[in-house]
1. It is to be established whether one or more residues within segment 55-70 are in a helix (DSSP H, G or I) and either modelled with pLDDT under 90 or open to solvent by 60 Å² or more (accessible area, probe 1.4 Å) (or both).
2. Can you find a residue that is loosely packed, with under 12 Cβ neighbours inside 10 Å and at pLDDT below 85 anywhere in segment 39-49?
3. Suppose we filter K153, K169 for residues that are touching a Leu at 6+ places or on another chain (Cβ under 7 Å) and of a type in the set (D, E, K, R); which single one remains?
4. Pairs needed: first member in segment 46-61, farther than 14 Å from V20 by Cα; second member anywhere, of a type in the set (A, V, I, L, M); C-beta distance under 7 Å; at least 6 residues apart or different chains.
5. Take residues that are basic (K, R) and over 30 Å from K40 (Cβ atoms) and tell me which of the helices (runs of 4 or more DSSP H) falling wholly in segment 72-167 contain 1 or more.
6. Listed residues E154, E140; which is of a type outside the set (A, V, I, L, M, F, W, C) and either in contact (Cβ under 8 Å) with a residue 60 or more places away in the chain or loosely packed, with under 13 Cβ neighbours inside 10 Å (or both)?
Amino acid sequence: MIALSDIFVKYGDRELLSKVNLTIKEKDKIGLVGRNGAGKSTMLKIIAGTISPHGGNVSRPNGTTLGFLHQELSLPSGSTVMDETMKAFEEAQKVEKLIETINEDLSTSTDYETQRYMNLIQDLSDANDRFTALGGLTMEADVQKILTGLGFKETDMHRPTDEFSGGWKM
């Protein structure tokens, strides 16, 4: 159980939170709704323990873990929606580069009957199996399908992320 009692937060002359009391029990699901600037993010940061209130008490049982997804994102400037989403396939992309490297090595090799060459063939086979298992064969199509399902248009997929609002970035 997480308990907040008499939480007080003030910024300058403005009282953001005053005498706020809240109890969150195990398995509770809560929603926090309010106008912009009402203190929703501040309240969540207090609950998460990333900031402390100016007054009041926060009680969390020892060993309690809490996940918190910050509202603010820092995406690299100039990166597209597609680029950012493809990062989910980072391991598959690394394996794809390994496959390219092995193929280049095989194309320039002339020692066809050596153990090194046989090892390259085995490494290529293993890498291809791993690439397939990681969804590498369909990763771009999968990303497009996911983005479309999230409401992005085809024309949005190659737009820089810094052109989108905070909500779309999330």
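The values are calculated or read from the model by the stated rules, or taken from the named source; none is laboratory data. Quick caveat: nothing in here was measured; it's all calculated off a predicted structure. Cβ sites come from the backbone with ideal geometry, for glycine too, and all protein chains shown count toward neighbours. Heads up: the accessible areas ignore ligands, DNA and RNA and are worked out on the full protein's heavy atoms, side chains in. Shrake-Rupley method; radii C 1.70, N 1.55, O 1.52, S 1.80 Å.
1. Filtering segment 55-70 down to residues in a helix (DSSP H, G or I) leaves none.
Among the residues of segment 55-70, not one is in a helix (DSSP H, G or I) and either modelled with pLDDT under 90 or open to solvent by 60 Å² or more (accessible area, probe 1.4 Å) (or both), which makes the answer no.
2. To start, the set of residues in segment 39-49 that are loosely packed, with under 12 Cβ neighbours inside 10 Å comprises none.
No, segment 39-49 has no match at all.
3. Working: K153 fails: touching a Leu at 6+ places or on another chain (Cβ under 7 Å).
Within the list K153, K169, the selection yields K169.
4. From segment 46-61, the pairs are A48/L66; R60/I2; P61/M1.
5. On the way: elements: 81-86, 90-108, 115-133, 139-149.
Counting at least 1 such residues, we get 90-108, 115-133, 139-149.
6. Details: E140 fails: either in contact (Cβ under 8 Å) with a residue 60 or more places away in the chain or loosely packed, with under 13 Cβ neighbours inside 10 Å (or both).
E154 is the lone residue from the list that is of a type outside the set (A, V, I, L, M, F, W, C) and either in contact (Cβ under 8 Å) with a residue 60 or more places away in the chain or loosely packed, with under 13 Cβ neighbours inside 10 Å (or both).
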